[in-house]
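Data first, discussion second: the structure below is written as structure tokens.
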Amino acid sequence: MNKIIQMLTLQQQLNNATNGEGWEGGVTKNGKIINWRRCIYLECAELIESYPWKHWKNIDAQPDYENIKLEAVDIWHFIMSQGLEDYKKGRLGSIESLASTISALPNFDAFTAPIQPITTESYAQIEVVEVLLKALFCQDSTEALMQAFIDVAIQSSLNLDSLYTLYIGKNILNQFRQDHGYKVGRYIKVWRGREDNVVMQEILRTTPEISPQALYQALSDAYPQG
């Protein structure tokens with residue numbers, strides 16, 4: 001519960017900072033319409049692109065599981081945002097109430113278990129992602145989206161602990177991006193030949209107990225100047 005609450009709280013803070021107070025009404029402080037479900041299905045498409053699903057191209061390639069994990073974390077950002085919006089607009093309760101709902105999902109216990117080796121082949125894994133897409137397009141509840149997401153995370157070699165670690169990393173990276181001109185197009189995403197996501201993951205691997213503040217500083221140190 002504590003990790004779920006922390007992630008929801010950080011997502012609320014990030015959305016407040018990026019979109020302005022009251023973003024749950026569906027419009028940012030700059031007048032841009034917010035559509036979290038569109039965000040989710042586009043991230044699902046990016047996740048699927050990390051599999052060698054194309055029958056006409058790179059037929060011997062392997063899934064890029066490091067990128068699959070990152071795409072899953074991006075999906076989680078947007079699913080949490082949809083949940084926060086639903087709970088605020090529907091007066092369904094606090095962040096703690098939403099966290100309690102998530103922890104009561106039927107597959108949540110499996111999500112808290114140790115990571116299991118991947119045994120299914122790529123096309124079967126893609127079909128699990130498509131269950132989430134179906135829930136989106138059928139306008140299923142946020143709870144249904146979250147349950148479908150947990151299945152995607154588990155098959156991506158993520159459990160709650162590893163999702164939490166990557167989420168904290170991506171949350172700090174998103175803050176860093178906003179602070180360095182991401183919204184207005186000034187941000188540099190490729191740092192000396194490597195995408196910022198890759199740099200962030202490397203910092204987490206080499207310093208697994210790093211604090212959010214120290215991670216932000218490490219990103220600052222690695223960011224190309226000028």
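Throughout, read-outs are computed from the coordinates displayed, never taken from laboratory work. Every value quoted in this text rests on a predicted model; they were computed, and no experiment measured them. Ideal geometry is used to build each Cβ from the backbone, glycine not excepted, and the neighbour counts take in all protein chains shown.
Observations
- Residue check, ALA148 under 24 Å from GLU85 (Cβ atoms), in a helix (DSSP H, G or I) and out of contact with any Gly (no Cβ under 9 Å at 6 or more places or on another chain): yes
- Considering only residues in segment 43-77 that are free of Cβ contacts under 8 Å to residues at least 12 places away in the same chain and touching a helix residue (DSSP H, G or I) at 6+ places or on another chain (Cβ under 9 Å), the one that is surrounded by the fewest Cβ atoms within 10 Å (Cβ to Cβ) turns out to be GLN62.
- Number of the exception - GLU202 against (1) within 20 Å of the chain's Cα centre (by Cα); (2) assigned to a loop (DSSP other than H, G, I, E, B): (2)
- Pairs, first acidic (Asp, Glu) in segment 194-219, second exposed (fewer than 12 other Cβ atoms within 10 Å of the Cβ), C-beta under 7 Å, six or more apart: GLU195/LYS189; ASP196/LYS189
- Of the residues GLY181, GLY169, the single one that is on the phi > 0 side of the Ramachandran plot and either more than 18 Å from the chain's Cα centre (by Cα) or in contact (Cβ under 8 Å) with a residue 24 or more places away in the chain (or both) is GLY181.
- So LEU105, is it of a type outside the set (Phe, Trp, Tyr) and over 19 Å from SER162 (Cβ atoms): no
- Segment 131-175, residues that are aromatic (Phe, Trp, Tyr) and buried (at least 19 other Cβ atoms within 10 Å of the Cβ): PHE149, TYR167
- Residues in segment 78-103 that are among the hydrophobic types (A, V, I, L, M, F, W, C) and either within 28 Å of ILE48 (Cα to Cα) or crowded, with 22+ Cβ neighbours inside 10 Å (or both): PHE78, ILE79, MET80, LEU84, LEU98, ALA99, ILE102.
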